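The values are calculated or read from the model by the stated rules, or taken from the named source; none is laboratory data. Keep in mind it's a predicted model, so treat the numbers as computed, not measured. All Cβ positions, glycine included, derive from the backbone under ideal geometry; neighbour counts span all protein chains shown. Heavy atoms of the whole protein, side chains included, go into the accessibility calculation; ligands, DNA and RNA do not. Shrake-Rupley method; radii C 1.70, N 1.55, O 1.52, S 1.80 Å.
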Amino acid sequence: MMNEKISALMDGELSPNEVDDVSDALLAEQSLSACWSEYHLIGEAMRRNGQLTLDVREKVSVQLRDEPTVLSPRAPLRQRPVRRYAAMAATVAFAAAVGWVGFGQDPASQVVVAQAVPASQDVFAPASGVEAPYLAAHQEAAGGGLVRVSMAAGAKVAH
Amino acid sequence: MSERELDQQLVERVQRGEKRAFDLLVAKYQKRLGRLLSRFIKDSADVEDVTQEAFVKAYRALPSFRGESAFYTWLYRIGINTAKNFLVANGRKPMVHAGIEDEDGETLDLSSQIPDYHTPEADLMNQQILATVNQAVEALPEDLRTAITLREMDGLSYDEIAQVMGCPIGTVRSRIFRAREAIATQLRPLLDTSKDKRW
C-alpha cells in the first residue's frame, strides 16, 4: 500500500530500491502528497509545534513557477563512480576497437579488457563482467602510458 | 535510507530540474522553520511571509548546496538570516540569541524568550488541531500509540522501536502507519473545513 510506504519514507526507513518509486509517485499524485503533508502535520502536533496553521506551500509553489529552473553544475555524488568508470570503459573500448594500446605489457590483462568491453557497448554503463576496481587498478598499472584512439563506427563518447 | 539521505535525494531531484520535489521539502519543513522563526518575529503573518521568503531563497541557492551539512541545517541558517534581514529592514533590532545545538551538534542561534503571537483565528485552529491529534492518539490501541510516540516524540528508529517493543521491524512499520492513518482520519474533516483558511 502506497500510504504505508510514504509513512516509512518520511521516517527514512524505506529500502533504497523503493525510494525512487515512492518519490516518483509522491510527485505525480496530489492525493499522495496530501498524505505526506498530513503525516508530517501529525508529528508536529504531537511535538506541540505552535505553528501548525502555517502553510506556505501554495505561495511558494506559485512563486517558484516564475523562477528559472535550478540546475546544479555538479553531478549528484551518487552518480560520480559510474561516470568515472564509464569514462575508463570508453577509453578501453576505443583502444580495443582501434588496436592501439599503450597499456602494460601483460597480454592476459589486454585480452580480458578487450573481451569485456565491446566497442558497440553503451559506455554509460560499466562493462559487464569487469569490476570497476579492476579497471581502476589496471589504469594505475598502465602508468599513464599514451593511448591513441580514434572513433570506431558506432562508438559512443562518454562525457 | 536515512531522513538526511532522503532529503539529499529530494534536493538532487530539484537540482536536476524537478521543481515539484521542492514542494515535498516545503511540506516537510515549513512548520518547523516557522516555529524557529517565530522565536525572532512576533506577528504570525510576518512569520509566514518570512518563512515563504526563506524557502524561495533556499530554492535559488540550491545549485550551491553540496550536502556537506544536513539540508534542514542549511535551510535553518537561511531562515535565520532572512528573519534578521526582515527585522533590520523593519527597523527592529535582531534579538540577542542563545546558542543551541541541533541534532547534528551544530550550533544555531536561537532566542527562546520571544513568545509566539497568533491571530485569534489561527490560534483557535492550532488548538483544534492539537486537541484532535491528542484525542486521536489517546484513542489508539496501546501498541500503535507506543510505536508512534516512540517515533515522533523520542525520534527512535524502527530498529530501536522494534527492540523496545520486542517485535519485528515490519510490525513497527505497520503499527506506525496504522497509527498515522487513524489520526489522519480524525484530522481530515477539520482540515477540509478549513481549506480556504490557514491550517
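A compact table of results
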item: Helices (runs of 4 or more DSSP H) enclosed by the stretch A:6-67 - at least 3 residues per element that are touching a Phe, Trp or Tyr at 6+ places or on another chain (Cβ under 8 Å); result: none
item: Any hit, the stretch A:12-25, residues being exposed (fewer than 15 other Cβ atoms within 10 Å of the Cβ) and at the interface with another protein chain (Cβ under 7 Å from one of its Cβ atoms); result: yes
item: Evaluation of B:ASP159 against (1) more than 9 Å from every other protein chain (Cβ to nearest Cβ); (2) at pLDDT 50 or above; (3) open to solvent by 60 Å² or more (accessible area, probe 1.4 Å) (one fails), failing number; result: (1)
item: Residues located in the stretch A:26-36, provided they are open to solvent by less than 10 Å² (accessible area, probe 1.4 Å) and either facing chain B (nearest Cβ under 7 Å) or among the hydroxyl-bearing types (Ser, Thr, Tyr) (or both); result: A:LEU26, A:TRP36
item: Flag if B:GLN52 is facing chain A (nearest Cβ under 7 Å), under 24 Å from A:ALA45 (Cα atoms) and either at pLDDT 90 or above or surrounded by fewer than 16 Cβ atoms within 10 Å (Cβ to Cβ) (or both); result: yes
